Amino acid sequence: MTGLTRRFSSRRLGVLVSGRGSNLQALIDAISDGRLDASIAVVISNVAGAGGLDRARNAGIETAVVDHRGWPSRDDYDRALVEELRAREVDVVCLAGFMRRIGPVFITAFPDAIVNIHPSLLPSFPGLHAQAQALAHGVRVSGVTVHLVTPELDAGPILVQRTVPVLENDTEETLAARILVEEHKAYPEAVQRVLDGHWIVEGRRVRTL
Ligand code: GRF
């Protein structure tokens, strides 16, 4: 059992992005309209041109680029990320389309305080191209999962899931767009749940106390 009754007094988020950053935008919007009681201390990307960095700058949020290339090992890269987050006194880390695996060095630095969003109903369809995997499998329902990050890919305890129907004529793009609408609701909801505390991880379950 881990997690106990977490309390995050400062509620400072660090958001990691590699791409367009629409989930980052959902967090920014939720904070500004009062659905999410938090602040974003920094947005970090491994890609200098990531659209998410522009969204952060437009919202007046500090940004940093930590290129994943050129580090002797993943542990060294993870240490560099942790250093950037610690320097801004981040409490909770949100992976929002961050396309790098993070390892034990990072995970143990933020116990039960790293959150990821994945565009399928986990444990179905982990990894890349989750929407294409769902279509290929012929499922009739898919959705989004927000979960705590553990060393195993897309396998941590689940915080929030939301479902969407898979329609007869869906393509990867149309299904992804339908799921994305739900992602933008699920991510702020899940982060609020983490920050509010009064939960524990029991086995695979996140249980509200
Ligand atoms: C989302 O589909 C998210 O679930 C996945 O990567 C995508 C990121 O999209 N992990 P965006 O950059 O937040 O728009």
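Does residue 70 qualify as being open to solvent by 60 Å² or more (accessible area, probe 1.4 Å) and within 16 Å of the ligand (Cβ to nearest atom)? No: the conditions fail for residue 70.
The lone criterion from (1) crowded, with 21+ Cβ neighbours inside 10 Å; (2) free of Cβ contacts under 8 Å to residues at least 60 places away in the same chain left unmet by residue 137 is number (1).
Rundown of residues vs (1) surrounded by fewer than 17 Cβ atoms within 10 Å (Cβ to Cβ); (2) within 16 Å of the ligand (Cβ to nearest atom); (3) under 21 Å from residue 127 (Cα atoms), yes/no style:
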{"site": "13", "(1), (2), (3)": "no, yes, no"}
{"site": "17", "(1), (2), (3)": "no, yes, yes"}
{"site": "28", "(1), (2), (3)": "no, yes, no"}
{"site": "81", "(1), (2), (3)": "no, no, no"}
{"site": "85", "(1), (2), (3)": "no, no, no"}
{"site": "96", "(1), (2), (3)": "no, yes, yes"}
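Looking across segment 68-101, the residues that are assigned to a loop (DSSP other than H, G, I, E, B) and under 22 Å from residue 11 (Cα atoms) come down to 88, 89, 90, 91, 96, 97, 98. Screening the candidates 126, 119, 151 for the property of being open to solvent by 10 Å² or more (accessible area, probe 1.4 Å), at pLDDT below 95, under 15 Å from the mean Cα position of the chain (by Cα) and not hydrophobic (A, V, I, L, M, F, W, C) yields one hit, 151. Under the condition of being over 19 Å from residue 191 (Cβ atoms) and touching a strand residue (DSSP E or B) at 6+ places or on another chain (Cβ under 7 Å), the residues counted in segment 64-83 number 3. Of the residues 181, 194, the single one that is β-branched (Val, Ile, Thr), away from the ligand (no atom under 13 Å from the Cβ), modelled with pLDDT of 95 or more and assigned to a helix (DSSP H, G or I) is 194.
Just the residues that are at positive phi and away from the ligand (no atom under 13 Å from the Cβ), please, taken from segment 99-148. Result: 112, 138.
Just give me the residues in segment 32-58 being free of Cβ contacts under 8 Å to residues at least 40 places away in the same chain, closer than 17 Å to residue 184 by Cα and not in a strand (DSSP E or B), in sequence order. Selection gives 32, 33, 34, 51, 55. Among the numbered criteria (1) within 22 Å of residue 37 (Cα to Cα); (2) away from the ligand (no atom under 15 Å from the Cβ), which single criterion is violated by residue 187? Tallying (1) within 22 Å of residue 37 (Cα to Cα); (2) away from the ligand (no atom under 15 Å from the Cβ), residue 187 fails exactly one: (2). Within segment 40-57, at least one residue is more than 16 Å from the ligand (Cβ to nearest atom) and open to solvent by less than 50 Å² (accessible area, probe 1.4 Å). Of all the criteria given as (1) in a helix (DSSP H, G or I); (2) open to solvent by 40 Å² or more (accessible area, probe 1.4 Å), the one not satisfied by residue 188 is (2). Checking each residue in segment 105-161 for being farther than 26 Å from residue 195 by Cα, touching a helix residue (DSSP H, G or I) at 6+ places or on another chain (Cβ under 8 Å) and part of a strand (DSSP E or B) picks out only 142.
The values are calculated or read from the model by the stated rules, or taken from the named source; none is laboratory data. Since the model is a prediction, treat every value here as computed from it, not as a measurement. Note: ideal-geometry Cβ built from the backbone for every residue, glycine included; neighbour counts use all protein chains shown. Accessible surface is based on the protein model in full, side chains and every heavy atom, while ligands, DNA and RNA are left aside. Shrake-Rupley method; radii C 1.70, N 1.55, O 1.52, S 1.80 Å.
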